[in-house]
Amino acid sequence: MIHFLNVIKRYEETGDVLRNISFNLERGEMAFLTGHSGAGKSTLLRLIAVMERCTRGQIIVDDQDLSLVKESQLPFIRRKMGFIYQDYKLLNDRTVFDNVALPLIIAGYGHQEVNRRVRAALEKVSLQGKEKKFPLALSGGEQQRVGIARAVVNKPPIIIADEPTGNLDPELSAEIMNLFRQFQQVGVTILIATHDVSLISQLNQRVLKLVHGQLVVS
Amino acid sequence: MRRVNKNRIKKDPPIKQVKQEKRQTTLAGGTLQDKLIAYRELHTKVLFSSLGRMIATPFSSIMTVVVLAISISLASGFYVLVVNIHQLTGNLETSNQISLFLRDEVSDAHAKKLSESIHNNPRVQNVKLISKEQALAEFKEYSGFGSAINTLKVNPLPIVLQILPKNTLTDKQGLADLLKSFQQMPEVDIAQLDLQWVERLQAIVEVAKVFAFIMNILLSAAVLFIIGNTVRLEFYSRRAEVAISKLVGATNAFIRRPFLYTGFWIGFFSAVGAWFIVTLIMLILRGSVERLSGLYEGDMHLLFLTIPETLFLISASSILGVVGAWVVLFYELRSTKLQ
Ligand SMILES: Nc1ncnc2c1ncn2[C@@H]1O[C@H](COP(=O)(O)OP(=O)(O)OP(=O)(O)O)[C@@H](O)[C@H]1O
Ligand SMILES: [Mg+2]
């Protein structure tokens, strides 16, 4: 589902952030991406979201070579991926409901379907009853869960998460991991960047480890 | 939903074409009919939410609307003025009267005889003699120099014969010949065809028309740029929203839509505001125009913007708003970074 082949990402200012990354995630596979701060985890995930293009190499997502995809086709690729960002990326002037509904409205779902799905997604992250609140009136952990609800609301075949449990207590973290496991069981491919070692050891899943931009365990 | 599940279970298929992918994902939301309904819902919602946003944060959009309404009203007010003058000169065309200013030494009695002989001319329909005294009285009334004229010792005004040619005499050449024959009479000082100043006025109106046309083109450019700039500022203030929408799969068309509607509303309200300003000015002018109309014994009445003209004004301005917004967004969306 996600293939990296000799991927290099170079920034003018910082040099090579990712060096020769190659790995392969099958459909329905779940993996953790770990590494020290500044190892390049977020950068790797940004390449999958095509927020940036890689300097060299090939990234194939759901059989499409991302470096060959035209700008006008990117939205349709992004709709296949649910992204959870380290900094949440919520719209602070919209309610929780509107934030979670955004991917559905963009994909052109009708009013009733949107209602139903948003409520279901909020329930999954234990945020029922907070629909009308604004993000800034929520705790960090709650905002994070709004981001998670938004990522899973249109049931994408791929979920990419950058520190999804960074602001959650162990209990909520376990709940969210459970949610990811459920998705995995119906065939969703999941890649989670984290340095929460206990979380990784609990789940006993595949681990990709980055050290200074190089993949050391995969 | 069932589709997606099926997709997940099935093994990786060989590399698909991008086109196929697009079709697949756009249909993921349900049947085509559901899609169309959702699309219409979205349009209506965005149309009014962009209006709502303009009203909620009124400052920059209202400033823009006021500036545009005033500029548009200047141009369309000028246009209405030209149309009115055109109407006026149109009415005057029928008064192809000839005025003969007689020499100072011609006596009243001689003038009377002359007027009778001219009346017998088959090409003349009517002759009206205005004596020196009558001319002075008339001049006093209309010029407003009443008391100043009273101090004059001699009446400086000549005797005037106003001649109305036969209605059958409509061609310019015939009129010019008639004028020439009067000019050659020894009693006549100046023979003047009133048509001449009508022609001059008409020429001025023609110039004004061209000027109004150029003004409207310049104004269209101004509307385009001013609305474009307002939309650009709005776009900057909502960059975060644009970036996030893109990240969750919004197409450029989706992102553009609310801004195009903002451009539409600004254009629309500017034109409506301009219409009100022009109509108000015309209402204020109405009294004095009626007095002017009385002076010309004409059936001149003030022309307002007609319904087709009003519709044209409003739709042109709205369309320019949309186009201005579109051009700006085309460039902005290209350069938007996603981080
Ligand atoms: N836009 C950029 N321009 C230049 N350098 C960048 C850019 N983004 C990231 N980097 C560099 O790339 C390196 C990796 O950054 P990245 O955010 O991927 O780390 P990370 O593994 O996610 O760290 P953390 O665990 O702290 O989130 C950093 O050294 C950073 O300075
Ligand atoms: Mg990071």
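Return a yes/no flag: does region A:197-205 have any residue that is part of a helix (DSSP H, G or I), among the hydrophobic types (A, V, I, L, M, F, W, C), more than 17 Å from the chain's Cα centre (by Cα) and within 24 Å of A:V17 (Cβ to Cβ). Give the derivation first.
Applying the first criterion (part of a helix (DSSP H, G or I)) to region A:197-205 yields A:197-203.
Then drop every residue that is not among the hydrophobic types (A, V, I, L, M, F, W, C), which leaves A:197, A:199-200, A:203.
So of that shortlist, the ones also more than 17 Å from the chain's Cα centre (by Cα) come out as A:197, A:203.
Retained after the next criterion (residues that are within 24 Å of A:V17 (Cβ to Cβ)): A:197.
Yes, some residue in region A:197-205 is part of a helix (DSSP H, G or I), among the hydrophobic types (A, V, I, L, M, F, W, C), more than 17 Å from the chain's Cα centre (by Cα) and within 24 Å of A:V17 (Cβ to Cβ).
If you go through region A:139-193, how many residues are in a helix (DSSP H, G or I), closer than 13 Å to A:D87 by Cα and touching a Gly at 6+ places or on another chain (Cβ under 6 Å)?
Of the residues in region A:139-193, the ones in a helix (DSSP H, G or I) are A:140-152, A:170-185.
Checking the rest, the ones that are also closer than 13 Å to A:D87 by Cα come to A:140-148.
Adding the requirement that they be touching a Gly at 6+ places or on another chain (Cβ under 6 Å) leaves none.
Residues that pass the stated criteria total 0.
Condition check ((1) near ligand 1 (Cβ under 10 Å from one of its atoms); (2) facing another protein chain (nearest Cβ under 10 Å); (3) of a type outside the set (S, T, Y); (4) without any contact (Cβ under 8 Å) to a residue 12 or more places away in the chain) across all residues:
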{"site": "A:G15", "(1), (2), (3), (4)": "yes, no, yes, yes"}
{"site": "A:F32", "(1), (2), (3), (4)": "no, no, yes, no"}
{"site": "A:G40", "(1), (2), (3), (4)": "yes, no, yes, no"}
{"site": "A:M51", "(1), (2), (3), (4)": "yes, yes, yes, yes"}
{"site": "A:N99", "(1), (2), (3), (4)": "no, yes, yes, no"}
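Can you confirm whether A:Q86 is within 16 Å of ligand 2 (Cβ to nearest atom) and either within 14 Å of another protein chain (Cβ to nearest Cβ) or open to solvent by less than 20 Å² (accessible area, probe 1.4 Å) (or both)? Give the steps one after another, and end with the answer.
Details: within 16 Å of ligand 2 (Cβ to nearest atom): yes; either within 14 Å of another protein chain (Cβ to nearest Cβ) or open to solvent by less than 20 Å² (accessible area, probe 1.4 Å) (or both): yes.
So A:Q86 passes the test.
Yes/no per residue for (1) more than 16 Å from ligand 2 (Cβ to nearest atom); (2) in contact with a strand residue (DSSP E or B) (Cβ under 8 Å, 6 or more places away or on another chain); (3) aromatic (F, W, Y); (4) modelled with pLDDT under 90:
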site: A:S22; (1), (2), (3), (4): yes, yes, no, no
site: A:L25; (1), (2), (3), (4): yes, yes, no, no
site: A:T34; (1), (2), (3), (4): no, yes, no, no
site: A:I48; (1), (2), (3), (4): no, yes, no, no
site: A:Q58; (1), (2), (3), (4): yes, yes, no, no
site: A:F76; (1), (2), (3), (4): yes, no, yes, no
site: A:R79; (1), (2), (3), (4): yes, no, no, no
site: A:L90; (1), (2), (3), (4): yes, no, no, no
site: A:D93; (1), (2), (3), (4): yes, no, no, yes
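Go through region A:55-94 and give me each residue that's within 16 Å of ligand 1 (Cβ to nearest atom), in a loop (DSSP other than H, G, I, E, B) and more than 24 Å from B:V242 (Cβ to Cβ).
Selection gives A:T55 alone.
Please determine, by comparing only the residues of region A:123-142 that are open to solvent by less than 60 Å² (accessible area, probe 1.4 Å) and under 9 Å from A:V96 (Cα atoms), which one is farthest from the other protein chains (Cβ to nearest Cβ). Reasoning before the result, please.
Here is the first cut: in region A:123-142, the residues open to solvent by less than 60 Å² (accessible area, probe 1.4 Å) are A:125-127, A:130-131, A:135, A:138-142.
Filter once more, so that each one left must be under 9 Å from A:V96 (Cα atoms): A:130-131, A:135.
Values: A:K130: 19, A:E131: 18, A:P135: 12 Å.
In this case the residue turns out to be A:K130.
Does B:S107 count as open to solvent by less than 90 Å² (accessible area, probe 1.4 Å) and either in contact with a Pro (Cβ under 7 Å, 6 or more places away or on another chain) or modelled with pLDDT under 75 (or both)? Before the answer, list the steps.
Working: open to solvent by less than 90 Å² (accessible area, probe 1.4 Å): yes; either in contact with a Pro (Cβ under 7 Å, 6 or more places away or on another chain) or modelled with pLDDT under 75 (or both): no.
Considered against the rule, which asks whether it is open to solvent by less than 90 Å² (accessible area, probe 1.4 Å) and either in contact with a Pro (Cβ under 7 Å, 6 or more places away or on another chain) or modelled with pLDDT under 75 (or both), B:S107 comes out as no.
From the list B:A135, B:A148, which residue is modelled with pLDDT under 85 and open to solvent by less than 40 Å² (accessible area, probe 1.4 Å)? Talk me through it step by step, then tell me what you get.
Values: B:A148 fails: open to solvent by less than 40 Å² (accessible area, probe 1.4 Å).
Exactly one residue qualifies, and that residue is B:A135.
Condition first: open to solvent by 30 Å² or more (accessible area, probe 1.4 Å), away from ligand 1 (no atom under 16 Å from the Cβ) and away from chain B (no Cβ under 12 Å). Now tell me which residues in region A:147-171 satisfy that.
The answer is A:D169, A:P170, A:E171.
In region A:2-20, how many are modelled with pLDDT under 90 and open to solvent by less than 30 Å² (accessible area, probe 1.4 Å)?
1
Residues that are in contact with a helix residue (DSSP H, G or I) (Cβ under 9 Å, 6 or more places away or on another chain), open to solvent by 20 Å² or more (accessible area, probe 1.4 Å), within 14 Å of chain A (Cβ to nearest Cβ) and aromatic (F, W, Y): does region B:251-265 have at least one?
yes
Given the condition aliphatic (A, V, I, L, M), out of contact with any helix residue (DSSP H, G or I) (no Cβ under 8 Å at 6 or more places or on another chain), modelled with pLDDT of 90 or more and surrounded by fewer than 17 Cβ atoms within 10 Å (Cβ to Cβ), answer yes or no: does some residue in region B:310-328 qualify?
Taking region B:310-328 first, the residues aliphatic (A, V, I, L, M) are B:311, B:313-314, B:316, B:319-320, B:322-323, B:325, B:327-328.
When the remaining residues are screened for being out of contact with any helix residue (DSSP H, G or I) (no Cβ under 8 Å at 6 or more places or on another chain), the result is B:311.
So of that shortlist, the ones also modelled with pLDDT of 90 or more come out as B:311.
Those still in the list that are surrounded by fewer than 17 Cβ atoms within 10 Å (Cβ to Cβ) too: B:311.
The answer is yes; a qualifying residue exists.
Scan region A:123-137 and tell me whether some residue there is over 25 Å from A:I105 (Cα atoms), away from ligand 1 (no atom under 16 Å from the Cβ), part of a loop (DSSP other than H, G, I, E, B) and not β-branched (V, I, T).
Taking every residue of region A:123-137 in turn, none turns out to be over 25 Å from A:I105 (Cα atoms), away from ligand 1 (no atom under 16 Å from the Cβ), part of a loop (DSSP other than H, G, I, E, B) and not β-branched (V, I, T).
The values are calculated or read from the model by the stated rules, or taken from the named source; none is laboratory data. Computed from a prediction, not measured in an experiment: that's the story for all the values here. Every residue, glycine as well, gets a Cβ built from its backbone with ideal geometry; the counts of neighbours run over all protein chains shown. SASA here: full protein model, heavy atoms, side chains in, ligands and nucleic acids out. Shrake-Rupley method; radii C 1.70, N 1.55, O 1.52, S 1.80 Å.
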